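Have a look at the structure below, then the notes.
The values are calculated or read from the model by the stated rules, or taken from the named source; none is laboratory data. Worth saying up front: this structure is predicted, and the values here are computed from it rather than measured. Note that we place each Cβ from the backbone using ideal geometry, even for glycine, and neighbour counts take in every protein chain shown. Side chains included, ligands, DNA and RNA excluded: accessible areas come from the protein's heavy atoms. Shrake-Rupley method; radii C 1.70, N 1.55, O 1.52, S 1.80 Å.
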Amino acid sequence: MNTPVQDTGAQSETVYNKKSYTHLSKQQIKASFVNKLFKNYFLFSILTLCFVLALVIFFIGKTAFLTFKDISLAQYFFSFDWTPEEGKFGAALFILNTLSLTALTLVIAVPLSVGMAILIAEIAPKWMKTIIRPILDLLVGIPSIVYGYLGLTILLPLLRELSGESLGDGLLAAALVLTIMILPTICRISDDAIGAVPKKYREAAYALGSTRLQSIFKVILPSAGRGIIAAIILGMTRAIGETMAVVMVIGNTPQLAKSLFASTSVLTSNIVMQISNVEFDSTWNYALHMMAFLLLVISFILILFIRFLGRKGGAES
């Protein structure tokens with residue numbers, strides 16, 4: 001009499017196992033389908049992004065290189081005479097002004113930004129960190145035209161009063177505005193880089209008798225060096241490519257800057273001031289596109305350098 005009962009139990013257990021196996025198989029099939037769907041979606045997104053980037057480079061580069069149908073490379077890159085009405089397209093003054101503005105901005109911004117990052121990460125009490133970090137994050141999101149308007153209405157009158165100049169615009173005004181713009185970016189990334197230094201490095205430095213300043217400048221900053229350099233390069237990239245804030249305070253005169261208060265122009269400001277007034281199929285338009293292409297190439301080089309630093313740091317660690 002026990003045998004049928006045992007057979008019934010074995011049959012029910014077999015049916016249950018089959019149902020569980022079927023349910024598990026459906027879950028696996030569903031999970032596999034979802035994974036493939038997301039994988040293909042992400043792959044499509046990456047390919048689309050690469051395609052759009054390639055189109056940008058192609059069309060800007062294609063138009064830019066038409067410049068050299070009518071003028072030579074030497075004239076474009078080494079001449080300081082920019083008088084398009086007379087057929088002279090020397091962009092050297094804009095290139096030098098751009099490099100000068102970027103260098104002046106970094107000279108002002110880097111010590112302030114890195115110093116603030118050290119203060120936030122290593123010295124400031126916790127309550128101060130909770131206040132400063134959100135403020136810096138908010139400053140990053142402010143539109144550039146707002147900084148330019150503040151520079152135009154507040155900074156330029158102040159510079160006129162302090163310098164005795166009639167206008168006050170020029171490289172110094174533009175560099176100060178750009179400093180305020182890139183300072184939060186450099187500071188926050190440097191703060192994260194300093195905070196990522198292992199605690200054991202600090203403890204080892206203190207165990208060897210180092211003071212706080214010695215620990216910061218001889219141990220922590222060298223360890224966070226790649227992250228700080230990446231922050232500086234990102235700030236430099238924004239400074240080179242900034243347009244509206246610079247246009248509002250630099251003066252927009254196509255001449256080489258001979259002083260900090262001389263009205264001048266850089267690549268971005270010259271493009272935005274002239275691109276709407278030229279015919280598309282003209283050497284003037286092609287020369288402006290070449291300026292945009294130069295900015296694109298400079299940005300790519302800086303970003304690739306950041307990637308190189310990150311890969312090198314990961315390989316050494």
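Give me a count of the residues in region 158-202 that are of a type outside the set (Asp, Glu), outside any helix (DSSP H, G or I) and surrounded by 16 or more Cβ atoms within 10 Å (Cβ to Cβ). The qualifying residues number 3. Exactly one residue out of SER210, SER223 is without any contact (Cβ under 8 Å) to a residue 24 or more places away in the chain and of a type in the set (Gly, Ala, Ser): that is SER210. Scanning region 111-137 for residues that are in contact (Cβ under 8 Å) with a residue 40 or more places away in the chain, out of contact with any Asp or Glu (no Cβ under 9 Å at 6 or more places or on another chain) and either open to solvent by 50 Å² or more (accessible area, probe 1.4 Å) or under 12 Å from PRO184 (Cα atoms) (or both) yields LEU112, SER113, VAL114, ILE123, ASP137. Residues in region 252-265 that are buried (at least 24 other Cβ atoms within 10 Å of the Cβ) and either within 19 Å of the chain's Cα centre (by Cα) or among the hydroxyl-bearing types (Ser, Thr, Tyr) (or both): THR264, SER265. For region 51-60: of the residues being within 17 Å of ASN285 (Cα to Cα) and either touching a strand residue (DSSP E or B) at 6+ places or on another chain (Cβ under 8 Å) or of a type in the set (A, V, I, L, M) (or both), which is surrounded by the most Cβ atoms within 10 Å (Cβ to Cβ)? By that ranking, first place goes to ILE60. Determine whether ARG238 is over 24 Å from LEU176 (Cα atoms) and at pLDDT below 90. The answer is no for ARG238. Looking at the structure I just gave you, is SER100 assigned to a helix (DSSP H, G or I), surrounded by fewer than 20 Cβ atoms within 10 Å (Cβ to Cβ), polar (S, T, N, Q) and in contact with a Leu (Cβ under 7 Å, 6 or more places away or on another chain)? When the stated conditions are applied, SER100 passes them. Mind checking whether some residue in region 61-81 is assigned to a helix (DSSP H, G or I), open to solvent by 60 Å² or more (accessible area, probe 1.4 Å) and in contact (Cβ under 8 Å) with a residue 60 or more places away in the chain? So far as region 61-81 goes, yes, one or more of its residues are assigned to a helix (DSSP H, G or I), open to solvent by 60 Å² or more (accessible area, probe 1.4 Å) and in contact (Cβ under 8 Å) with a residue 60 or more places away in the chain.
A count restricted to region 39-62 and to residues that are polar (S, T, N, Q) and modelled with pLDDT under 90 stands at 1.
Here's the yes/no breakdown for (1) among the β-branched types (Val, Ile, Thr); (2) within 25 Å of SER259 (Cα to Cα):
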| site | (1), (2) |
| --- | --- |
| VAL110 | yes, yes |
| LEU119 | no, no |
| THR185 | yes, no |
| LEU221 | no, no |
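Could you tell me whether ILE95 is closer than 24 Å to SER299 by Cα, modelled with pLDDT of 90 or more and open to solvent by less than 60 Å² (accessible area, probe 1.4 Å)? Considered against the rule, which asks whether it is closer than 24 Å to SER299 by Cα, modelled with pLDDT of 90 or more and open to solvent by less than 60 Å² (accessible area, probe 1.4 Å), ILE95 comes out as yes. Quick check on my filter: what residues within region 260-282 are assigned to a helix (DSSP H, G or I) and either modelled with pLDDT of 90 or more or closer than 16 Å to THR98 by Cβ (or both)? Those that are assigned to a helix (DSSP H, G or I) and either modelled with pLDDT of 90 or more or closer than 16 Å to THR98 by Cβ (or both): LEU267, THR268, SER269, ASN270, ILE271, VAL272, MET273, GLN274.
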